[in-house]
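J.: My questions all concern the structure below.
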Amino acid sequence: MKIEIWSDVVCPWCYIGKRRFEEALERFEHRDDVEVEWKAFELDPTAPAVRTGNDVERLAQKYGMSLDQAQAAQDRVARLADDEGLTFDFSIARSGNSFDAHRLIHLAAERGGAAAQDAMKERLFRAYFSEGEAIGERDTLVRLATEVAVGDDGARLTPDEVRAVLESDTFGDAVRDDEREAQQFGISGVPFFVVDRTYGVSGAQPADALLEVLDTAWDEAHPRTVLTPAGREGEACEGDDCIV
């Protein structure tokens, strides 16, 4: 089973959704047969490397809220994150463009496969939401990327390797391909989960709901065959026709 997840590293629901998905996957009977691939999605492709100004004010202006309402909305998301074992500190968040971050997620996947890609995604999420790191700044990205293990032996990317990618167009096409696929699927918000190119799940759904989708998709792809010995039908109860 393959699960593709479109998300952005500056999306709070994407980080919450990641934790809920991980809980569902941990409880899934066939988790060892699941391949997970993270797909790029930019919530604001026009964003500068690092935004200036107050995030609460920007949120209020964007959605026509009062400052108190915007602050309450952020506080609510932070509480929900806490329920998932995450620490969100919007007061130190440094919003900005996520295109280069997505390129590094692709770099990690090329170097170390799904595990390395997931580790890079997790590191960037934590850096932005918990540590106040500017994930749109290339010097910051170089430092963060070299902290991530991309091999079973603990091997890490080198600063020169990461910087070479960031100062080139490498993996830019891969990010754009992800985004084109999102348009083809009609994805306008994230997180968005696609299971075996058959089921789509929008939003940071509860773990129980995600597990139900996994079970349904697995059963559909692996129907059980009922075997009956040749020439014989075994006795069985159907409906209320049995005497008890």
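What follows is calculated from the coordinates using simple rules that are stated; it is not laboratory data. Just so it is clear, the structure is predicted and the values come from calculations on it, not from any experiment. Using ideal geometry, Cβ is built from the backbone for each residue, glycine included, and neighbour counts are taken over all protein chains shown.
J.: For residue 114 and residue 50, what is the calculated FRET efficiency with R₀ set at 30 Å and r taken between the beta-carbons, to the nearest 0.05?
T.: Working: r = 30 Å, r/R0 = 1.00.
The pair residue 114/residue 50 has a calculated efficiency of 0.50.
J.: Moving on. Compute the long axis of helix 67-83 from its Cα atoms, compare it with the longest principal axis of the Cα atoms of the chain, and write down the angle in degrees, 0 to 90, nearest 10.
T.: 50 degrees
J.: Take the alpha-carbon centre of the range 155-190, take the same for the range 105-142, and report the distance between them in whole Å.
T.: First find each Cα centre; the distance between them is then 11 Å.
J.: Count the net charge of all other residues whose Cβ sits under 13 Å from the Cβ of residue 167, scoring Lys and Arg as +1 and Asp and Glu as -1. Before the final figure, lay out each step's value.
T.: Values: positive: 103, 138, 163; negative: 100, 139, 160, 161, 169.
With Lys, Arg at +1 and Asp, Glu at -1, the net is -2.
J.: Then there is this: When only Cα pairs under 8 Å and 6 or more residues apart are kept, what is the percent relative contact order across the range 92-194? Spell out each step's value before the answer.
T.: On the way: 114 pairs, mean separation 29.8, N = 103.
It comes to 29 percent, rounded to a whole number.
J.: With mean projected area of the Cα convex hull in nm² as the read-out, I listed (1) 12.5; (2) 19.8; (3) 14.1; which label goes with the value calculated from this structure?
T.: From the options (1) 12.5; (2) 19.8; (3) 14.1, the structure gives (2).
J.: For a protection proxy built on the mean count of beta-carbon atoms within 10 angstrom, sort 140-146, 181-187 highest first, please. Write down the numbers at each step before the final one.
T.: Numbers: 140-146: 20.1, 181-187: 13.7.
Highest mean packing first, the order is 140-146, 181-187.
J.: While we're on this one: Per 10 Å bin, what percent of the C-alpha pairs of the range 66-207 does each bin hold, from zero upward?
T.: 11, 33, 37, 18, 2, 0
J.: Rounded to the nearest 5, what % of DSSP beta bridges with both residues in the chain are antiparallel? Intermediate values should be presented prior to the final figure.
T.: Details: 9 of 15 bridges.
If we restrict to bridges inside the chain, about 60 percent are antiparallel.
J.: Using θ = phi - 60° and the Karplus curve 6.51 cos²θ - 1.76 cosθ + 1.60, what whole-Hz ³J(HN,Hα) does each residue of the range 119-125 get, with Gly and Pro shown as x?
T.: 5, 5, 4, 4, 5, 6, 4
J.: Something else about it: Straight-line reach from residue 2: which lysines fall under 29 Å, measuring Cα to Cα and dropping same-chain residues less than 8 apart?
T.: 18, 39, 121
J.: Still on this structure: Calculate one ³J(HN,Hα) per residue across the range 32-40 by plugging θ = phi - 60° into the Karplus curve 6.51 cos²θ - 1.76 cosθ + 1.60, and present them in order as whole Hz with x for glycine and proline.
T.: Listing the rounded values in order: 5, 9, 9, 9, 10, 10, 8, 10, 7 Hz.
J.: Additional query: Once the other residues with Cβ under 11 Å from the Cβ of residue 101 are scored (Lys, Arg +1; Asp, Glu -1), what is the net sum? Provide the component values of the computation, followed by the final result.
T.: On the way: positive: 103, 121, 123, 138; negative: 8, 42, 100, 133, 137.
Net of charged neighbours comes to -1.
J.: Just the number, please: Stokes-Einstein D of the range 1-95 in µm²/s, Kirkwood Rh from C-alpha pairs, 4 °C, 1.567 mPa s. Walk me through the numbers on the way to the answer.
T.: Working: Rh = 15.3 Å.
Calculated translational D: 84 µm²/s.
J.: How do the peptides 158-170, 199-211 rank, highest first, by the average count of neighbouring beta carbon atoms within 10 Å per residue? Working shown, then result.
T.: Numbers: 158-170: 14.4, 199-211: 16.5.
Sorting 158-170, 199-211 by mean packing, highest first, produces 199-211, 158-170.
J.: Turning to a different aspect of this structure: Shape verdict for the range 110-168, please, from the Cα gyration tensor: rounded (a/c under 1.5), prolate (a/b greater than b/c) or oblate. Write down the numbers at each step before the final one.
T.: Values: a/c = 2.04, a/b = 1.19, b/c = 1.72.
Judged from the Cα gyration tensor, the range 110-168 comes out oblate (a/c at least 1.5, b/c at or above a/b).
J.: Next question. Around residue 39, which amide H atoms from residues at least 5 apart in sequence, or from another chain, sit under 5 Å from its own amide H, with H modelled in the peptide plane?
T.: Distant-sequence amide H within range of residue 39: 5, 6, 7.
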